[in-house]
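Student: Quick one: the structure is below, questions incoming.
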Amino acid sequence: MKCPYCEREMQKGYIPTDNIPAQWLPNEKRQSLFKLKYSKDCKKIVSENTAFGMHAIAYYCGDCGIVLLNEER
Ligand SMILES: [Zn+2]
C-alpha cells in the first residue's frame with residue numbers, strides 16, 4: 001500500500017486487539033465491548049485470526065509517522 005501523504009510504500013504489520021474484533025466506532029457510541037463481538041454501530045476493520053489471537057492489519061509509514069487501517073468491505 002502506498003502512503004497517501006508521501007506516496008512511498010508502507011510497511012505491512014498489525015495492531016493487536018486481544019480477542020475483540022477490530023472495529024471503528026464514532027465518539028458518540030462509546031461503550032464497553034464484550035469479547036468476540038462487534039458493536040452494531042461499528043465499521044469492521046480488516047483483521048486476521050492467528051495463533052496469537054485476533055489482530056487488525058495495519059500499514060505504517062515511517063517517514064510520515066502514520067498508521068492506516070482498512071474497513072472490511
Ligand atoms: Zn508517508
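Student: Identify all residues within the stretch 12-29 that are surrounded by 13 or more Cβ atoms within 10 Å (Cβ to Cβ) and within 16 Å of the ligand (Cβ to nearest atom); write none if there are none.
Tutor: Passing the criteria: none in range.
Student: Turning to a different aspect of this structure: Take the stretch 42-66 and flag every residue that is open to solvent by 80 Å² or more (accessible area, probe 1.4 Å) and either among the aliphatic types (A, V, I, L, M) or within 16 Å of the ligand (Cβ to nearest atom) (or both).
Tutor: A51, Y60, D63
Student: For the condition over 13 Å from the mean Cα position of the chain (by Cα) and open to solvent by 50 Å² or more (accessible area, probe 1.4 Å), what is the one hit in S39, S32?
Tutor: S32
Student: When you scan the chain for strands (runs of 3 or more DSSP E) that lie fully inside it, which ones turn up with 1 or more residues that are of a type in the set (D, E)?
Tutor: It comes to 47-50.
The values are calculated or read from the model by the stated rules, or taken from the named source; none is laboratory data. Bear in mind the structure is a predicted one, so any value in this text is a computation, not a measurement. Methodologically, a virtual Cβ is constructed for each residue, glycine included, from the backbone with ideal geometry; neighbour enumeration extends over all protein chains shown. Note: areas computed on protein heavy atoms with side chains; ligands, DNA, RNA excluded. Shrake-Rupley method; radii C 1.70, N 1.55, O 1.52, S 1.80 Å.
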